[in-house]
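Comments concern the structure below.
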Amino acid sequence: MTVEGRTRHRAQRFVGVAILLVMIVLGWILFSSSFDGNLLPELIEKLPENVELGLDRVHYSQNENGIEIWVLDADRAAYQREDEELALTGVKLTFFNTGRFGDVTLDAVSGILRQKQKLIDLKGDVRIVTASGEQFQSETLQYDYSKRLATTDDLISMRGRQLYLTGKGMDLDLGRGTLRVRENVHALFNERQTEGERQ
């Protein structure tokens, strides 16, 4: 190997090691429990062009004024630099202090965290459970974390202690504690349970 070839080989190895170190450090910062989601664009901007990340067992938190608002956990995440998106599998979201609903958990097969739009698109057996025991199910759901609003255009079902409800399209406002089912609403009210609770 010529001197020029050895120099080029050393430079390539150095660049490879530098990129690997950046990915490891950034991965630790991005997905540690103390990470503030607002820093994501700034940190990603420091990466070399076209660098993408793939991480297992991801933990991402969104903070406002030092208070944890929601937490995202996923079995795996793949960062797509060009679109500033995280493609997620095995998704679990936990929302804290959502007013009437209390703490809310959400599970889905997969999702995409869209940092630019402040959206999380979820797909596949999406299930929501509130602190009061209400359960919602749909095939897809979009969560706008700037508005704390979860929406879907798909069929939904909702089960509570006294009510079973189905319909098409839903707006679940975690900030205001309100639920709107848009159309084709069918509800079954469990009157017998209500009478039992009154006794």
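See the values below:
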item	result
Members of the stretch 118-139 that are more than 12 Å from L106 (Cβ to Cβ) and either touching a Gly at 6+ places or on another chain (Cβ under 8 Å) or outside any strand (DSSP E or B) (or both)	K118, D121, K123, A131, S132, G133, E134, E139
Residue tally, condition touching a strand residue (DSSP E or B) at 6+ places or on another chain (Cβ under 7 Å), of a type in the set (G, A, S) and at positive phi, over the stretch 112-147	1
Residues of the stretch 66-90 satisfying the condition of being outside any loop (DSSP other than H, G, I, E, B), in contact with an Asp or Glu (Cβ under 6 Å, 6 or more places away or on another chain) and among the charged types (D, E, K, R)	R76
Selected residue (criterion: nearest to N63 (Cα to Cα)) from residues of the stretch 96-108 that are over 15 Å from the mean Cα position of the chain (by Cα) and not in a loop (DSSP other than H, G, I, E, B)	G99
Residue check for L93: modelled with pLDDT under 80, surrounded by 13 or more Cβ atoms within 10 Å (Cβ to Cβ) and in a strand (DSSP E or B)	no
Considering residues of the stretch 109-130 that are buried (at least 21 other Cβ atoms within 10 Å of the Cβ) and within 9 Å of the chain's Cα centre (by Cα) only, the residue farthest from H59 (Cα to Cα)	L122
Count of residues meeting criterion [within 11 Å of K92 (Cβ to Cβ) and in contact (Cβ under 8 Å) with a residue 24 or more places away in the chain] in the stretch 102-123	5
Filtered residues of the stretch 136-162 (kept if modelled with pLDDT under 90, surrounded by 14 or more Cβ atoms within 10 Å (Cβ to Cβ) and farther than 28 Å from K116 by Cα)	G160
Residue within the stretch 173-184 that is on the phi < 0 side of the Ramachandran plot, crowded, with 18+ Cβ neighbours inside 10 Å and not in a strand (DSSP E or B) present	yes
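The values are calculated or read from the model by the stated rules, or taken from the named source; none is laboratory data. Remember, it's a predicted structure, so these values are computed and weren't measured experimentally. Please note: Cβ atoms are built from the backbone with ideal geometry, for glycine as well, and neighbour counts cover all protein chains shown.
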